[in-house]
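See structure below.
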Amino acid sequence: MNTPDPVLVAMGSLIMRVAGAGRTPPDSGPDTPLSDGFWLDSVELLEVLVACEREFGVLFDDTIDFESGALDTLGTLADLIRAKQAMMRHKA
């Protein structure tokens with residue numbers, strides 16, 4: 001039995017709030033693209049990032065965090081969030 005990933009579950013809810021239920025694929029998961037899966041435009045993607053900072057207590061650095069495809073899919077953004085959280089725990 002797979003335990004749901006809490007970051008992915010929270011991200012899915014967060015993105016649904018921004019994109020709306022009508023643009024959230026019923027079978028969305030880690031591989032769902034943010035731009036042409038949830039149909040997020042640049043303003044909505046920025047809304048998601050700001051909401052992620054609030055929800056997960058992370059701060060994104062636009063000079064390094066988004067270079068490696070972190071905004072490609074729900075899963076890649078969740079991976080970035082988990083990495084940021086781990087760095088914060090390590091520094092504490």
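Could you check how many residues of region 60-71 are of a type outside the set (D, E, K, R), over 17 Å from Gly12 (Cα atoms) and under 13 Å from the mean Cα position of the chain (by Cα)? Give the steps one after another, and end with the answer.
Residues of region 60-71 that are of a type outside the set (D, E, K, R), as a first pass: 60, 63-64, 66, 68-71.
Those still in the list that are over 17 Å from Gly12 (Cα atoms) too: 60, 63-64, 66, 68-69.
After this cut, where a residue has to be under 13 Å from the mean Cα position of the chain (by Cα) as well, the list is 60, 66, 69.
Looking only at that region, the number is 3.
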- [ ] Could you please find all residues in region 26-46 being surrounded by fewer than 13 Cβ atoms within 10 Å (Cβ to Cβ), at pLDDT below 90 and within 17 Å of Thr76 (Cβ to Cβ)?
- [x] Asp36
TODO: Name every residue in region 30-72 that is free of Cβ contacts under 8 Å to residues at least 24 places away in the same chain and among the aliphatic types (A, V, I, L, M), in order of residue number.
DONE: Val43, Leu46, Leu49, Val50, Ile64, Ala70
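So if I check each of Thr76, Thr63, which one is in a helix (DSSP H, G or I) and of a type in the set (S, T, N, Q)? Steps first, answer last, please.
Numbers: Thr63 fails: in a helix (DSSP H, G or I).
Criteria check complete, one pass: Thr76.
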Task: Criterion: of a type in the set (Phe, Trp, Tyr) and at pLDDT below 90 - qualifying residue of Phe56, Phe66 - done: Phe66
Task: Matching residues, region 1-45, being over 11 Å from the mean Cα position of the chain (by Cα) and within 15 Å of Ile81 (Cα to Cα) - done: Asp5, Pro6
Task: Among residues of region 52-74, those that are small (Gly, Ala, Ser) and crowded, with 16+ Cβ neighbours inside 10 Å, counted - done: 1
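The values are calculated or read from the model by the stated rules, or taken from the named source; none is laboratory data. Please read all numbers here as calculations on a predicted model, not as lab measurements. Every residue, glycine as well, gets a Cβ built from its backbone with ideal geometry; the counts of neighbours run over all protein chains shown.
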